[in-house]
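Visitor: Here it is: the structure, laid out below.
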Amino acid sequence: MRSARILVVDDDELNRVVLEKTLSPKHKVFGVESAEAMFEWLATNSVDLILLDIVMPGMDGYEALRKLKHDERTQPIPVIIISANDSLVDEAKGLELGAMDYITKPFGSAIVRARVKNQLTIKQKNDLLEMLASIDGLTEIPNRRYFDEQLSREWRRSVRAGLPLSVVLIDIDFFKRYNDHYGHQRGDECLKKVASTLVANCQRGSDFVARYGGEEFAAVLPGSEEGTAMALAQKLKRVIEELNVAHIDSPVADHVTISMGVSTYPGFGDAQSESQLIERADKGLYKAKQQGRNTIVF
Ligand code: GH3
Ligand code: MG
Ligand code: MG
Ligand code: MG
C-alpha cells in the first residue's frame, strides 16, 4: 500500500490529532475543522480519502457528503464517516448518501487503520481500471473515450469561464500506402512513434493529445486562442517531419507527414457545442487534404 493523502474533517481538535497520529507517518494527513473549510481546501488540493465527522457546527457531515457526491470533481473521492452517532439509522443514512464505510466513536486505532487500508486498496484498483480504460492499447496514449470525456469537460469549463478552447485534428498523410509498402507491423511502429512525438510536444498546462481513430489524433488545448493553436500545429507539423520516418511511396515527401484542421472557441461563426468544434476542425482537415496534404487549415 503506497502512501496516500487523507483529509480529516472534524470540529474536535483532539479527534483530528488522534487520527493524524493513527495514520501518520504512513500517510500524509491533513485536518480541517468544518465542512465549509473542507470545500475550501478541496478547491486547491487533491486527496485520496476523506474521514468525515457528522455532528459539526455549520454544515453537518450528511449535508457535506451529499454535496461531495453531487460534484463530478469530488464524487470519486471515497469517504469514511467517523461519528459518535452509533444508531443503525445514522449508519444506513451515511452509507446511502455514498459513504464507503462508517466507524463509530470512540474508535480503535487498529480498526481505523484497517478500514482506511481497505478503502485505499479499492481506490487504487479503481484508479488503475479508470486509467486502463482511458489508454489506447497500441500507442499507449489517451484513447477516444478519454478524449470525448475530457473535451466535454473542457468545453463546459471554457463556456462557463469565458476562456478560449482549441482543438487540432491530426491525420497521417497517405498512411494506407505506408501500410501497403512497409507492411502493417511497420505501420503500427510508425503510429507509435508519431503518437509519442505528438504527446511530447503537447505538454503545456492541461493540453493533451489522444488517438482519435486509426491514423488520426486530436489535441485539446484549453485556454489557447487561434494564434497559439496555429503555432502549436506548426510545431507539430515540423517535429513529425523531423522524425524523418521514411515513406518513399508518399506523393508529398519522402518521409511521413501530417495534415491538420484547427478550430477555436470562441471564433468566427461560434461553435455552439463541442461537437461543432470538432466538426469545424474536421472541415479544416478535409481542406488540408484537398490542398495537397502536409499542411494546416484553420
Ligand atoms: P489521407 O492522406 O487522405 O489521409 O490518406 P490515408 O491513406 O492516410 O487515409 P485512409 O483513411 O484511406 O487510410 C488510413 C489507413 O490507416 C488505412 C488503415 O489500414 C490504416 N490504419 C488505421 N489504423 C491502423 C493501425 O492501428 N495500424 C496500422 N498499421 N494501420 C492502421
Ligand atoms: Mg463533531
Ligand atoms: Mg484518416
Ligand atoms: Mg490519413
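Visitor: Give me T121, T44 sorted ascending by neighbouring Cβ count inside 10 Å, so fewest comes first.
Guide: Ascending number of Cβ neighbours within 10 Å: T44, T121.
Visitor: I've got another one for you. Per DSSP helix of 4 or more residues, -39500 (n - 2.57); summed, then divided by the residues of the chain. What does that give at 222 nm, rounded to the nearest 500?
Guide: My calculation for the chain gives -15000 deg cm²/dmol from helical runs alone.
Visitor: Would you compute the Debye intensity of segment 55-146 from its alpha-carbon atoms alone, equal scatterers and no solvent, and pass along log10 I(q)/I(0) at q = 0.13, 0.23 Å⁻¹ to two decimals?
Guide: -0.57, -1.20
Visitor: Another question, if that's okay. Short version: what are the Cα gyration tensor semi-axes of segment 1-132, square root of 5 times each eigenvalue, largest first, in whole Å? Display every interim value, and only then the final one.
Guide: Working: eigenvalues 79, 60, 47 Å².
Value: 20, 17, 15 Å, ordered largest first.
Visitor: When we measure straight from the Cα of K105, which lysines land under 25 angstrom away, once same-chain ones fewer than 8 places off are left out?
Guide: Straight-line reach from K105, under 25 Å: K21, K26, K28, K67, K69, K93, K117, K123.
Visitor: If each residue's Cβ is checked for other Cβ atoms within 10 Å, how do D249, D207 rank with the fewest at the top?
Guide: Fewest-to-most ranking of D249, D207: D249, D207.
Visitor: Multiply the residue gap between L132 and L163 by 0.36 nm, knock off their C-alpha separation, and tell me the result in nm, one decimal place.
Guide: Length gained between L132 and L163: 8.1 nm.
Visitor: Another question about this same structure. Write down the radius of gyration of segment 212-298 and its Dmax, each obtained from C-alpha positions, in Å.
Guide: 13.5, 42
Visitor: If I take every Cα pair under 8 Å that is 6 or more residues apart in the chain, average their sequence separation and divide by the length, what percent do I get for the relative contact order?
Guide: Answer for the chain is 13 percent.
Visitor: Do me a favour and compute the ellipsoid semi-axes for segment 1-79 from its Cα gyration tensor, root of five times each eigenvalue, largest one first, whole Å.
Guide: Values: eigenvalues 72, 52, 18 Å².
Value: 19, 16, 9 Å, ordered largest first.
Visitor: Arrange the following residues from fewest to most other Cβ atoms within 10 Å of their Cβ: L128, L95.
Guide: Listing L128, L95 from fewest to most nearby Cβ atoms yields L128, L95.
Visitor: List the trypsin sites (Lys or Arg not before Pro) in segment 181-246 that DSSP assigns to loop (not H, G, I, E or B) and whose Cβ has at most 16 other Cβ atoms within 10 Å. Which are they?
Guide: Details: sites: R186, K192, K193, R204, R211, K235, K237, R238; in loops: R204.
Passing both the DSSP loop test and the Cβ count: R204.
Visitor: Can you quote the Å³ per residue value for the convex hull of the Cα atoms in the chain, rounded to an integer?
Guide: Cα-based convex hull of the chain, divided per residue, equals 146 Å³.
All of the numbers you see were taken from the coordinates with simple rules; none came from a lab. Because the structure is predicted, anything quoted here is derived from the model rather than measured. Every residue, glycine among them, receives a Cβ derived from its backbone with ideal geometry; neighbour counts consider all protein chains shown.
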